[in-house]
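Every read-out reported here was derived from the displayed coordinates using simple, explicitly stated rules and does not represent laboratory data. On a predicted model such as this, the values are computed, not experimentally measured, just so you know. So basically every Cβ, Gly included, is an ideal-geometry build from the backbone, and we count neighbours across all protein chains shown.
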Amino acid sequence: MKNLKVYLIKASAGSDYSEYKKNTGGPPQNIFSTAAATPKNVAIEMTDEVVGMKVNYKSDADIVAIFMSTPDAYKAYDIARKFKEKGKTIVLGGLHTKFMQEEAKANCGTILVGEVEGIWEELLNDFRNNQLKPKYERTTPIDLAELNPYPLNIIDPAHYDYTWSVVVSRGCPYSCDFCLVPEFSPRYRMRPVKNIVSEVKAAKAWGIEWCELHSDNLTVNKKYAMELFKQLKPLNMNFYAETTIKISEDDELMKAAAEGGLKMILVGLETISKAALKEQNKGFVNPDKMKEQIEKINSFGIKVISDFLFGFDDHDHNIFEDTYQHTKDFKLEEIFPHLLIPFPGTKTYEKFDNDGRILTKDWSKYDGTHAVFQPKQMMPEDLENGTYWFWQKHNGFLKNALKSLLGRGL
Ligand code: SF4
């Protein structure tokens, strides 16, 4: 019997949201985790459209598995249709699939819902036995000790400018209304430190100097984070990661992080509106302290980048100028301003939908540059224009430090 071959594709519509993702992360978790979970006797081909790779429609794979976020859904369906015409078995996975299952099912043979480990192997077995089910769903969170390392030999790390990514944890103990993380990964889990260290070592041997410690909240468990930084220190690598501004409250943790090689963090400061932060269940961010917190983190040699969102119910016409005045002296390396995106699956989406405030379900517009919902205190076009105004104002004086940093400019 011929060996099975799978083709894993990360779809990208090339939106601003994809560009943001491209700039804030290395290899995407969905296709790389699926590749890592693929049995050794199955051949793998991979394409990441986010970094400009082109889909190979001549692929001889038996199964084409396409992963999508919401703004990339139509692109994923288009890829699926073209492969379906060639008689391939199509699988859809990723965040959008989990939260729009019926829509995804209509565009493929079967869907992967939730974390892929375990269900992907089951799907491959069923395919071999001609017993493919319409849906494979993981309902219990996987023990991260079971994760295999990301393969380094399928997509050339040069596509990521030799910036790699290693899974550290999944989930987040917080539950912010606009965030998909708690809905997709319901429990915060950490991977054994020794597994992370060995994967980072392998990446280093491949010539990689920068590595994302992939986590939605890297430092929430101090004991674990301290051990991780201690074990990473001898590797002499450069790391960046996502965490919360709460790291600024702990000097010991920041010192250990810096010594372990953490050079930059992405934190979600989100907005200067206390009412909006409270409403979104993110009250631990305090706008009055942001400036000093950033400077404190900087004092340990760790750079900070953050997004700022516009369109919360507390925001009126003044929010753009007010945010600019409040943040213009922040020592951030980069600010990513965008409109609030009510991703399907979030509490924010549910609320807006129930209130009849969702203006469009054209998913291609869920990219952070379009008002896809009716703001409470302004017109949709004012929200778009105001966010663009803020972006221009900040872009005037903030250099694109992330790219230069990742380009070894440090
Ligand atoms: S926004 Fe950040 S802190 Fe809030 S739930 Fe998501 S990952 Fe956790």
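Of the listed pairs Lys58/Lys133; Lys5/Lys194; Lys289/Lys328; Lys204/Lys233, which have alpha-carbon separations greater than 24 Å here? Mind dumping the intermediate values first?
Numbers: Lys58/Lys133 26 Å; Lys5/Lys194 31 Å; Lys289/Lys328 14 Å; Lys204/Lys233 13 Å.
The answer is Lys58/Lys133; Lys5/Lys194.
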Which value, in Å³ per residue, describes the convex hull spanned by the Cα atoms of the chain? 131
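How about the stretch 23-114: which GluC sites (Glu not before Pro) there lie in a loop by DSSP and see at most 15 other Cβ atoms within 10 Å? Write out the running numbers ahead of the final one.
Numbers: sites: Glu45, Glu49, Glu85, Glu102, Glu103; in loops: none.
Qualifying residues, ordered by number: none.
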By how many nm would the segment from Leu235 to Lys194 grow when fully extended, if each residue of separation counts as 0.36 nm and the alpha-carbon distance is taken off? 13.5 nm
Go through Ile247, Thr271, Phe284 and say which Cα lies farthest out towards the positive end of the charge dipole of the stretch 234-289; charges sit on Cβ, +1 for Lys and Arg, -1 for Asp and Glu. Thr271
Charges on Cβ only, +1 for Lys and Arg, -1 for Asp and Glu, centred on the Cα centroid of the stretch 161-409; of Tyr224, His326, Pro182, which one is farthest towards the dipole's positive end? Tyr224
Glu350 and Asp382 label points (each 7 Å along its Cα→Cβ direction) are spaced in nm at 3.0
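Rounding to the nearest 20 debye, state how big the charge dipole of the stretch 5-137 is about its Cα centre with +1 on each Lys and Arg Cβ and -1 on each Asp and Glu Cβ.
Around 360 debye, computed over the stretch 5-137.
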Between the alpha-carbon centers of the stretch 288-361 and the stretch 84-162, tell me the distance in whole angstrom. 32
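Rounded to the nearest 5, what % of DSSP beta bridges with both residues in the chain are antiparallel? Before the final figure, lay out the partial values.
Numbers: 3 of 50 bridges.
Looking only at bridges with both residues in the chain, the antiparallel portion is about 5 percent.
If the chain between Lys222 and Arg357 were fully stretched, how many nm would it gain, using 0.36 nm times the residue separation less the Cα-Cα distance?
44.6 nm
Dipole magnitude of the chain about its Cα centre, charges +1 at Lys/Arg Cβ and -1 at Asp/Glu Cβ only, in debye to the nearest 20?
Details: 53 positive and 57 negative charges, 253 e Å.
Computed charge dipole of the chain: roughly 1220 debye.
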Provide Rg over Rh for the stretch 5-137; use the alpha carbon set for both Rg and the Kirkwood Rh (inverse mean inverse pair distance). 0.93
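If you average the sequence gap of Cα pairs under 8 Å that are 6 or more apart and divide by the length of the chain, what percent do you get for the contact order? Don't skip to the end; give the middle numbers.
On the way: 762 pairs, mean separation 53.8, N = 410.
Contact order relative to length: 13 percent.
Which of the chymotrypsin sites (Phe, Trp or Tyr not before Pro) across the stretch 45-93 are loop residues per DSSP, with 16 or fewer other Cβ within 10 Å?
Details: sites: Tyr57, Phe67, Tyr74, Tyr77, Phe83; in loops: Tyr57.
Here the sparse-neighbourhood loop sites are Tyr57.
For the stretch 227-277, calculate the relative contact order in percent as a whole number, restricting contacts to Cα pairs under 8 Å that are 6 or more residues apart. Don't jump to the answer; show the numbers that get you there.
On the way: 52 pairs, mean separation 23.3, N = 51.
Relative contact order, the stretch 227-277: 46 percent.
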Can you list the cysteines of the chain that have no other Cys Cβ under 4.7 Å away? Cys108, Cys172, Cys211
Mind listing the long-range amide H neighbours of Glu45? Cut-off is under 5 Å, sequence gap 5 or more, other chains count too, H placed in the peptide plane at 1.01 Å from N. Val6, Tyr7, Leu8
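Where in the stretch 226-307 are there chymotrypsin sites (Phe, Trp or Tyr not before Pro) that are in a DSSP coil and have at most 15 other Cβ atoms within 10 angstrom of their Cβ?
Numbers: sites: Phe229, Phe239, Tyr240, Phe284, Phe300; in loops: Phe284, Phe300.
Sites meeting the loop and neighbour criteria: Phe284.
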Using the 2.2 N^0.38 Å rule of thumb for compact globular proteins, work out how the stretch 318-365 stacks up: its C-alpha Rg over that value, please. 1.56
Report, by chain and number, residues whose modeled amide H sits under 5 Å from the one on Gly93, excluding near sequence neighbours (fewer than 5 apart, same chain). Ile66, Phe67, Met68, Leu112
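How long is the gain from Glu279 to Lys133 if the chain were fully straight, where each residue apart is worth 0.36 nm and the alpha carbon distance is subtracted?
The Glu279-Lys133 span can extend by a further 48.5 nm.
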Cα-based shape type of the stretch 94-138, given that a ≥ b ≥ c are square roots of the gyration tensor eigenvalues and the cut on a/c is 1.5: oblate
